[in-house]
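Worksheet: the structure to be examined is printed underneath.
What follows is calculated from the coordinates using simple rules that are stated; it is not laboratory data. For clarity, every value in this text was computed on a predicted model and none was experimentally measured. Note that we place each Cβ from the backbone using ideal geometry, even for glycine, and neighbour counts take in every protein chain shown.
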Amino acid sequence: MTEPAWLIIARSHIGLKEIPGPTHSNVITGWLSKLGAWWREDETPWCGTFVAHCMQAAGLPYPKDWFRAKAWADYGALLRPERLAPGALLIFDRKTASGRSVGGHIGFYVGEDKFCYHVLGGNQSDSVSIARIVKSRCIATRWPKDVPVGAGPVTVASNGGTISTNEA
């Protein structure tokens with residue numbers, strides 16, 4: 001089965017990086033403009049912007065507060081973890097070392113290993129990339145409403161890669 005359109009769009013941006021300092025990525029600021037954001041810089045966390053861009057480009061709706069990762073927790077329809085398919089939206093909590101919540105993160109499911117989801121997202125090491133994020137941080141798994149879910153979970157080798165703990 002082919003990947004959903006929004007995931008194909010997301011994959012086309014792998015490697016895109018924000019630009020540190022006073023200059024900003026024209027691609028990211030273009031997304032912000034098209035989505036109607038009131039800011040035009042790539043220093044503000046942009047994982048929600050990336051997901052909203054992909055959904056918008058695929059002709060799908062997105063939440064009013066698309067720029068807030070946790071605003072996606074009620075998007076579309078619930079997708080149980082055992083039914084995850086490439087393109088599922090995964091919403092994560094971010095906490096300080098003391099356990100205080102300091103925001104969230106959102107990206108697209110592309111696979112999983114025993115302990116982590118493999119997530120294609122924006123603002124992961126300041127770029128669009130695939131990161132390993134511990135499953136226990138996931139607070140919601142969603143799928144666009146009225147869109148058929150593709151094949152089930154994809155198990156991949158962990159290769160002992162780095163685990164993302166604070167996406168930015």
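Could you give the nm distance between label points at I14 and K114, where each point is 7 Å from its Cα heading toward the beta carbon?
Distance between label points: 2.5 nm.
Using DSSP to define loop residues, name the chymotrypsin sites (Phe, Trp or Tyr not before Pro) in the range 1-84 whose beta-carbon has at most 14 other beta-carbon atoms within 10 Å. Don't skip to the answer; put the middle values down first.
Numbers: sites: W6, W31, W38, W39, W46, F50, W66, F67, W72, Y75; in loops: W38, W39, W46, W66, F67, Y75.
Loop-located and lightly packed - W38, W39.
Taking the structure as given and computing Kirkwood radius over Cα pairs in Å, which label from (1) 18.6; (2) 15.9; (3) 17.5 fits?
(2)
Suppose a student asked you for the relative contact order of the chain, using Cα pairs under 8 Å spaced at least 6 residues apart; what percent would you report? Write out the running numbers ahead of the final one.
Values: 335 pairs, mean separation 41.1, N = 168.
Relative CO of the chain lands at 24 percent.
Quick one: net charge of P144's neighbours, Cβ under 15 Å, K/R +1, D/E -1?
Its environment carries a net charge of 0.
Counting DSSP beta bridges with both partners in the range 5-164, what percentage is antiparallel, nearest 5?
Numbers: 24 of 27 bridges.
Roughly 90 percent of the beta bridges in the range 5-164 run antiparallel, per DSSP.
Restricting to DSSP H runs of at least four residues, report the calculated mean residue ellipticity at 222 nm for the chain, -39500 (n - 2.57) per run over all residues, nearest 500 deg cm²/dmol.
Numbers: 3 runs with 28 residues, N = 168.
Helix-only estimate at 222 nm: -5000 deg cm²/dmol.
Quick check: Cα centre of the range 121-136 to Cα centre of the range 78-101, how many Å?
The range 121-136 and the range 78-101 have Cα centres separated by 12 Å.
Give, in nm to one decimal, the length gained when the segment between T155 and L78 is fully stretched (0.36 nm per residue of separation minus the Cα-Cα distance).
Working: separation 77, 0.36 × 77 = 27.72 nm, distance 2.06 nm.
Gain on stretching T155 to L78: 25.7 nm.
Does the range 77-168 come out rounded, prolate or oblate by the C-alpha gyration tensor, with a ≥ b ≥ c the root eigenvalues, rounded set by a/c under 1.5 and, if not, prolate when a/b is larger than b/c and oblate if not? Present the calculation step by step, with values, prior to reporting the outcome.
Values: a/c = 1.73, a/b = 1.36, b/c = 1.27.
Prolate, since a/c reaches 1.5 and a/b exceeds b/c.
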